[in-house]
Amino acid sequence: MPRRLAPDETALWKKVAATVTPLPRPTAPLAPAAPPTVKPPKPAPRGTAAPAAAPRPAVKLPPPRRAHSQATLDGHWDRRLRKGLVRPDMSIDLHGHSLASAQALLDDAIGRALLRGARVLLVVAGRLRPGADRLPMMHGDPRPRGAIRASLPDWLAYSPYADQIVALRPAHISHGGGGAVYVILRRSRED
């Protein structure tokens with residue numbers, strides 16, 4: 001229990017309190033000096049679905065870059081690709097990468113292929129599953145199955161090398177089948 005003031009202490013306190021003017025109250029709350037820290041979410045136990053994340057605001061992307069006269073493959077090329085008669089000049093495997101690192105590796109591989117004069121780049125990305133771009137996260141996996149494969153057409157359309165890409169075709173079973181695609185590059189002018 002707090003101690004009571006003596007009568008002379010009370011008189012002295014009243015004199016001091018009469019000379020003090022209160023500080024003005026701030027009109028707006030002060031901004032915090034440092035941003036608040038956010039604790040990472042605890043991992044969900046296996047067998048339960050993670051809660052759906054809040055949708056991100058829509059970001060308007062610039063239109064994909066295309067060559068002025070977008071060439072397509074003739075029937076002869078398509079037949080040779082379907083029969084597995086075309087051998088890829090280079091290949092890249094995107095398994096196990098995040099979406100961001102897979103896109104960076106793909107752009108790097110296309111740049112190297114163009115420098116080497118390659119015409120067919122084999123991209124192994126895994127099988128495309130129906131609705132891969134809409135699947136919720138399962139068992140703590142940060143990305144849905146088939147997300148890299150589902151993203152390939154968009155990545156190629158927005159690639160810095162989009163004007164050098166002629167076509168995207170499914171790979172022959174001998175080169176990975178449904179888990180891989182051929183990226184057909186424009187023939188260099190020196191050829």
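The values are calculated or read from the model by the stated rules, or taken from the named source; none is laboratory data. Everything quoted here is computed from the prediction, not taken from an experiment. Positions of Cβ are backbone-derived with ideal geometry, glycine not excepted, and every protein chain shown enters the neighbour counts. We work out accessible area using only protein heavy atoms, side chains counted, and drop any ligands, DNA or RNA first. Shrake-Rupley method; radii C 1.70, N 1.55, O 1.52, S 1.80 Å.
Quick notes on this structure:
- Each residue in the stretch 148-173 was checked for being part of a loop (DSSP other than H, G, I, E, B) and among the polar types (S, T, N, Q), and 1 pass.
- Look at the stretch 174-191: where a residue is part of a loop (DSSP other than H, G, I, E, B) and a partner is at pLDDT 80 or above, sitting 6+ places away or on another chain with Cβ atoms under 6 Å, you get Gly176/Val124; Arg186/Gln164; Arg186/Val166; Ser188/Gly117.
- Any hit, the stretch 141-155, residues being at pLDDT 85 or above, over 21 Å from Ser174 (Cα atoms) and open to solvent by 80 Å² or more (accessible area, probe 1.4 Å): yes
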